[in-house]
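Working notes, structure below.
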Amino acid sequence: MAIVVKRPKLKLWEQLYLPAIAKGMRVTLGHFFKIVSGKKKVTMQYPEEKWDEHLPEHYRGAPALVTDEQDRERCVACQLCEFICPPRAITIKPEEIPSDDQWAKVEKRPKAFDIDMIRCIYCGLCEEVCPEQAIFLRKDYAITGTSREEMVHDKEKLYEIGGVRVGLVNKWNELK
C-alpha cells in the first residue's frame, strides 16, 4: 500500500524563494557584523597562534612508540598494527631475543619499525589493536619535513617523540 503525501500549495511569494534568501542573508550579515565589530574571531593566525590549548580530548595526532618507566621497549613485534593499517604506512621487521637475555620469554622485538607519516591517515587503528599499548597517537598536528625520507620515522625517532607511558606492560610481567 503506497502512502500518498500531498504537497502544500505554495503561494507566489514562496515560489520565488525570496523568504529563504532573506533568512540566509540575515544569518550571513549577522556573522559579518560580529566579525567586523570584533566580537567574533574566525581565522587563527598560524603559526603565531596554535591549537594546543583548544585541541579536543578525542583528537588523533601522529603515532609514536613509547617505553615503560624503566626505559624498556613495550613493542613485542606482533605486527598487528602493520596488518591493520589501511594505507600500509607501518613496516615492522621483527627479530628474536637471544636466549641468554633476561627477557627471552618474550621471543621477539622489533629490529626495525618504520611509519611513513605521508601515508598515515591518523585513523588510530594501530593504537586500538596494540596488545602492549606500545603505540600511541600524540596530540601533534605539525609534522613537517623537507623530503620524503624525513617523513619516514624510524624506530629511534618514534621512541624519541613518543616518550614514556606509565602502566602495566604484559611483556615484562614475570607471571606470564
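Worth pointing out:
- Value of relative contact order over the chain, rounded to a whole percent, pairs C-alpha under 8 Å and six or more apart: 26
- The range 28-62: trypsin sites (Lys or Arg not before Pro) in DSSP loop, at most 14 other beta carbons within 10 Å: 39, 40, 41, 50
- Phi to ³J(HN,Hα) by Karplus 6.51 cos²θ - 1.76 cosθ + 1.60 over the range 70-86, Hz, x for Gly, Pro: 8, 6, 9, 5, 8, 5, 10, 6, 6, 6, 5, 5, 5, 6, 8, 5, x
- When the chain is treated as a Gaussian network with alpha carbon springs shorter than 10 Å, the biggest mean-square fluctuation among 86, 98, 63 belongs to 98.
- Using alpha-carbon coordinates, inclination of helix 18-37 to the longest axis of the chain, degrees: 60
- The calculated FRET efficiency for residue 70 paired with residue 49, based on their beta-carbon distance and R0 = 45 Å, is about 0.70.
- Here the spin labels are modelled as points 7 Å beyond Cα on the Cα-Cβ line, and at residue 93 and residue 10 they lie 6.6 nm apart.
- Its relative contact order, with pairs defined as Cα atoms under 8 Å and 6+ residues apart, puts the range 86-175 at 27 percent.
- For the range 1-97, the square roots of the Cα gyration tensor eigenvalues, ordered a ≥ b ≥ c, give a/c of at least 1.5 with a/b no greater than b/c, which places it in the oblate category.
- Largest mean-square fluctuation among 18, 65, 80, in a Gaussian network model of the chain whose springs join Cα atoms under 10 Å apart, belongs to 18.
- Nitroxide proxy distance, nm - points 7 Å out along Cα→Cβ at residue 119 and residue 18: 6.0
- Label separation (residue 144 vs residue 108): 3.8 nm, computed from points 7 Å beyond Cα along the C-beta direction.
- The range 94-125: GluC sites (Glu not before Pro) falling in loop per DSSP and having at most 16 other Cβ within 10 Å: 107
- Each principal axis of the Cα atoms in the range 29-176 has its own extent, and those three values, largest first, are 73, 34, 25 angstrom.
Read the figures in this text as sums done on the coordinates, not as results from a lab. Please read these numbers as outputs of a predicted model, since none were measured by experiment. With ideal geometry, Cβ positions are generated from the backbone for all residues, glycine too; neighbour counts draw on all protein chains shown.
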